[in-house]
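The values are calculated or read from the model by the stated rules, or taken from the named source; none is laboratory data. Quick caveat, the model's predicted, so the values are computed rather than measured. Methodologically, a virtual Cβ is constructed for each residue, glycine included, from the backbone with ideal geometry; neighbour enumeration extends over all protein chains shown. All accessible areas refer to the heavy atoms of the entire protein, side chains included, with ligands and DNA or RNA removed. Shrake-Rupley method; radii C 1.70, N 1.55, O 1.52, S 1.80 Å.
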Amino acid sequence: MTLRWNTSIAALAFLALTATLISANATWDAEPEVQKLAEGPGDSPSPGDADTTPGEDSDAAPAASPGDDQAPGGAEPGKDAGAPPAEETAEPKEPAPDAKPEEKAEEPEGKPEEQAAPDKDEDGTEGKEEEQAAPAKDDGEDKEAEAPAESKEADAESAAAAEKVKAGDIPVPTDPVALAAFQALEANCARCHQAGASLKRKKPAKDFGNILHLEEIAQVPGLILPGNPDGSKLFIQIAKQEMPYDCFQEFNCEREPSEKEVQAIYDWIKSLGQVVVASCTGRNPIDEEAIVTAIGADLDAQQEHLRKGMRYITLTNFYNACAPETDMVRYRQGVVKLLNSLSREADPLKMRTIDPEKTVIAFNLDEIGWTAADWDKIIGAYPYAMKPDATVYDTVVSLTDTPLSWVRGDWFAFTASRPPLYYDLLKLPQTFAELEKQVDVNVKENIEKFLAKRAGFQHSGVSKHNRLIERHTIPTGYFWTSYDFKGDRPEQSLFVHPLGPDGADAFKHDGGETIFSLPNGFQAYYLNTAPGARLDKGPTEIVLDDSQLDRAVTNGISCMGCHNQGIRQGTDEIRKHVFDDRTFSKDVRTDVEALYPTNEEFKKLLDEDAGRFRNAMLRAGLDPELDSQKVGVESINFLSKAYEKAIDLRIAAAEYGLLAEAFAQGLLDAGGESAQLKRRLEQGVLPREILEANFKEIIVQVSDNEPIEIAALGAADVAKVGGKSKEETHDFDLALTSDRNDYKVNDLPVFNIKSKEDCHLTLINVDASGEGTVIFPNKFQQDNFLAAGKEVQFPGAEAPFQFRLKDPGTETVIAICNASGKTVDGIKHDFKTRQFTDLGNYRGFLTRQIVAEAKQKVAEGKKDEVAAKKKDEAPAAPSSDILSRTAIKLQVK
């Protein structure tokens, strides 16, 4: 039976490889065939993301405590003694001659060194890792054969892309329109959203750190719709006075954006027209059959006892959507880093891709200590499961004993990095006390014996009030926990009560965050209340994470983003304060001296722990500098964020392994809601949660694939994109489509509008000359209430007027719907004298109104802050209308 399987897979592999070679020189336009992956027995990993280690001039790894100020200088790791052969992962670069490794950075104090990830044995083997690294079968072929030229080219491309990412260079536009927008964004947005010297926060807000890379953001439809500023999220955020955040939410910026700056951003988006994704030239999409064929070939290359546990994470949807290699190297790193962050094994999992495009990452369940039941939890909740109409699928199912041995990396990064799946995969308990038992630490006893080491400070990057961090040693390395407070009362002040949490004169904290070493040197995270109950998210009155949409610290993903390179630096303020204040008793000063080491001693602990994490990344073949502050967004967060973005037709088609034209035709042929979905994807963007909910239904409409219904008893509950209330986001989904994309002069277009929430609708038409007119409400239809979930047409069949396109050119129709029912954008109707409300030049009208409303909002916000301060109260959240905006373009010939 084994021989028959092998023959079948090899035959399929040969056929697919032949097809690939025949069409290798075909361009996308000339040959819109679906590409088949080559089926070699496992591709060597990318040097750009797997084997490239930082050069001598790169930023040093920051050391840290749970969520605090970054310090430069983590300990330089030594050479990786556990590196596998070259065909599994390339060797990291040699460290600079003067960067000598620190012996103690690899091991913590006491017993941890017994359980740290093992070095090679004297004979050069690695024990368990050698058994589980999924080696190729010995077919008598030369294992040291030189890698194919195609693989070498891919490796070189990845390495170059990684170096480009790490360089962090920001290209300054030469085009005057783009330059004006660049300068406006630099003055108003870069302090929160541009990694590098411009950033004034610990990390980029909302995991958006490249706002000055105009060419990059112009190709992200969730941010920019080329030629359509009124439908582009970037401009909508400004129009709604949501950004800049420090101006309109915190009332703490030097100045608000000027009218000239707002116009510059508007004009740049308007000028973009149709952005062409240059990297797509000649690239054919990889479909599901190609993925499964490559998996089959990889399984054929494995030793028989390893096949059942083989699993795969795919990034083909990004490749199909023409993601640049600078993004792909970060996506790959994000997958492998997350798998290691969910591992219960001592040896780090190393990067291994199985296809020439490096879009399918392989691992074995045993390599990370997972069971088949763990995988079932994942695939039981997976919304994108589809099988190709190919016999190789049945072979793969038989070999792996699972109906689905692969999942998409972006969905996996989003769900597995957040509770509840994050807790499930790491088997983390419900209480802090149980966690102590699980990792073999007794916090109270360590404090009483002065084995714990502490630092306290007034300001940190996460906590809103003073914070205490505390280190304990555990068998796998370190165990850092924090004591956080939701107020500044005396009993919540470390400067009044430096000892606790137990005792007569102890501080009273409200919760804590914990970071601890996994057996492989990566980190796990835990949030809890003061009594010890596990939390999915930290209360926003205690801790904040600006990278998340709701600003809540979400266990797992928030911690990974903050601790992008391991433990961060913290500088103690308590020891000196107590020593300088003679009102503290001798006993208190003595205990503080024992628990709070000097800053020099404390920094050494932090540096050693940061070095341990850095070493773990290097041993996994990852590049710590791809996760540096200079790059901006940590790789797991970068991949997770990609899943949350709104999508257009090109991206949706890529997720089915199709070209946009074929995908659109399938939706059109299906008719009904699918045809309406096609129109929306063509004219704007679709929230991720809508495609996720409809993905399986669409499979059979656009392809020969079939959805896989997985009845896994152990299916896990997982985090979902969206799901926030309109009160949390001050936004909601608003769909606007027209019956066609292209019209002729004198045509009568019809518009469909549908809102997720009850709201009051305003429709504005901007003609080819830029003149704006409110077309709804109007003299004939003054009631503009739109019920949630009800699709309406404009003009309706009974409307006493017609809407006619009079002039050739590009027209824009804008929909604004708000919950309050107030008129939007300062529009004033006078239906006694005018049937429709004229706005004049719409660009000028809108930008003037944005600036005027912004100044009023800031003035009211500062006034409220002063009033709250007099009452000794926290200022209320700034009032803002719950409002959604969208827009579409029409071509009139």
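Separation of segment 285-339 from segment 779-795 is 47 Å, based on Cα centroids.
When the C-alpha to C-alpha distance is required to be over 25 Å, the pairs from 203/233; 260/806; 206/828; 200/240 that qualify are 260/806; 206/828. Surface exposure of segment 356-418, expressed per residue as accessible area with a 1.4 Å probe, stands at 22 Å².
For segment 629-695, GluC sites (Glu not before Pro) are listed when DSSP marks them as loop and at most 14 other Cβ atoms sit within 10 Å of their Cβ; the list is empty. For segment 384-401, 3J(HN,Hα) computed residue by residue from phi via the Karplus equation (6.51, -1.76, 1.60; θ = phi - 60°) reads 10, 6, 9, 10, x, 7, 8, 5, 4, 4, 4, 5, 4, 4, 5, 6, 9, 6 Hz, glycine and proline entered as x. Rounded to the nearest whole Hz, the Karplus-based 3J(HN,Hα) values (6.51 cos²θ - 1.76 cosθ + 1.60, θ = phi - 60°) of segment 405-419 follow the sequence 9, 9, 9, 6, x, 5, 5, 4, 4, 5, 7, 7, 8, 10, x, with x at glycine and proline. Database remark: amide H of residue 453 closer than 5 angstrom to the amide H of 471 (H placed geometrically; neighbours at sequence offset of 5 or more, or on other chains; Pro and chain starts carry no H).
Protection proxy ranking, highest mean first, for peptides 170-177, 333-340: 333-340, 170-177, where packing is the per-residue count of other beta-carbon atoms within 10 Å, averaged.
Per residue, the accessible area of segment 531-620 comes to 38 Å², computed with a 1.4 Å probe over protein heavy atoms only.
Residue ranges 209-215, 585-591 sort as 209-215, 585-591 when ordered by packing (mean number of other C-beta atoms within 10 Å per residue, highest first).
Net length available on complete extension from residue 675 to residue 504 is 54.6 nm, with 0.36 nm assigned per residue and the Cα-Cα distance removed. Taking θ as phi - 60° and the Karplus parameters 6.51, -1.76 and 1.60, the scalar couplings of segment 168-179 work out to x, 5, 10, x, 8, x, 9, 5, x, 5, 5, 5 Hz in sequence order, x denoting glycine and proline. Semi-axis lengths, largest first, of the ellipsoid equivalent to segment 291-431 are 22, 19, 15 Å, with √(5λ) applied to each eigenvalue of the Cα gyration tensor. For the peptides 223-229, 792-798, 698-704, residues were scored by their other Cβ atoms within 10 Å and the scores averaged per peptide; the highest-first order is 223-229, 698-704, 792-798. Each of 515, 496, 476 was placed along the dipole of segment 459-562 (beta-carbon charges, centred on the mean Cα), and the one lying farthest toward the positive end is 476. For residue 647, the residues 5 or more places off, or on other chains, whose built amide H falls under 5 Å of its own are 686, 688. Were the residues from residue 587 through residue 768 laid out at 0.36 nm apart, the gain over their Cα-Cα distance would be 57.2 nm. In segment 616-746, the portion of solvent-accessible area held by carbon and sulfur atoms comes to 48 percent [1.4 Å probe, whole percent, DNA, RNA and ligands not counted]. With the simple model of a label 7 Å out from the Cα in the direction of the Cβ, residue 739 to residue 167 spans 5.3 nm. Using the Cβ-Cβ distance between residue 305 and residue 711 with R0 = 35 Å, the FRET efficiency computed as 1/(1 + (r/R0)^6) comes to roughly 0.80. Backbone amide hydrogens, once placed in the peptide plane, bring residue 510 within less than 5 Å of 484, 485, 486, excluding anything fewer than 5 places away on its chain.
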